[in-house]
Every structure is written in C-alpha cells, then in structure tokens.
C-alpha cells in the first residue's frame with residue numbers, strides 16, 4: 001500500500017476594502033489603520049475550497065494591530081482629537097521678567113591702596 005499525504009489547512013486571507021485615508025492606530029499612533037475583510041477558508045493542497053468565516057476588521061499596516069469592527073470604539077481619523085495624535089497642545093511659555101538687583105544692606109568695602 002502506498003501512503004499518500006493529504007495536505008489541508010484553514011488559512012485566513014485579509015483583503016483591504018475600498019481605499020480610504022488611514023485612521024489612528026491605538027497601538028503605534030500612526031495613521032495607518034484601514035478597513036478590511038478577513039475570511040477563513042478550508043484549503044486542500046493549497047486550493048481554497050470552502051469559505052468558513054467572514055468578518056470586517058480594522059487592521060494597521062505598520063504594526064499589524066487588528067480589531068473586529070463593532071467590538072469597540074472605531075479608530076478615529078487623524079486630527080479627531082486635535083493635533084499630535086490626541087494630546088492637547090502644550091501651554092504657552094511664560095515670559096519671566098527679572099527684577100533689578102537690590103543694593104546690598106551693608107556698605108561696600110573700602111578700596112585697596
């Protein structure tokens with residue numbers, strides 16, 4: 001009898017939806033999160049045969065962070081929280097005015113001869 005190996009698997013294929021501007025990633029703080037579709041297939045000898053699951057996800061193209069759409073708050077577009085990724089701008093620096101030096105309370109030393 002001959003032994004014929006059967007190769008199968010359940011890989012997940014991810015395809016980006018319509019091109020859109022990136023959203024802010026909560027992990028790496030880059031504007032690289034896009035909407036995508038994730039689909040798991042049954043493959044036999046590397047040929048996709050039966051689709052099992054399909055879900056819409058958010059995915060970051062830089063750090064590969066993923067979240068199923070609807071499982072929490074959606075990533076926000078850049079500038080939604082203001083400049084610098086949501087941090088408020090620093091307060092303006094105060095201009096300090098220096099007071100003139102006060103004269104000493106004791107008399108100056110006599111000059112050397």
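All of the numbers you see were taken from the coordinates with simple rules; none came from a lab. Since the structure is predicted, the reported quantities are computational estimates derived from the model, not experimental observations. Every residue, glycine as well, gets a Cβ built from its backbone with ideal geometry; the counts of neighbours run over all protein chains shown.
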State the Kirkwood hydrodynamic radius of the range 9-73 in Å, one decimal place, computed from all pairs of distinct Cα atoms.
-> 12.7
Over the range 9-73, what relative contact order in percent results from Cα pairs under 8 Å that are six or more residues apart?
-> 29
Residue 53 paired with residue 38, simple spin-label distance in nm, labels 7 Å along Cα-to-beta-carbon | 0.7
Using the per-residue mean of other Cβ atoms lying within 10 Å as a proxy for protection, in what order, highest first, do the peptides 6-15, 53-62, 32-41, 67-76 fall?
-> 32-41, 53-62, 67-76, 6-15
Once the Cβ-Cβ distance between residue 27 and residue 2 is put in as r, and R0 is 35 Å, what FRET efficiency do you end up with, to the nearest 0.05?
-> 0.10
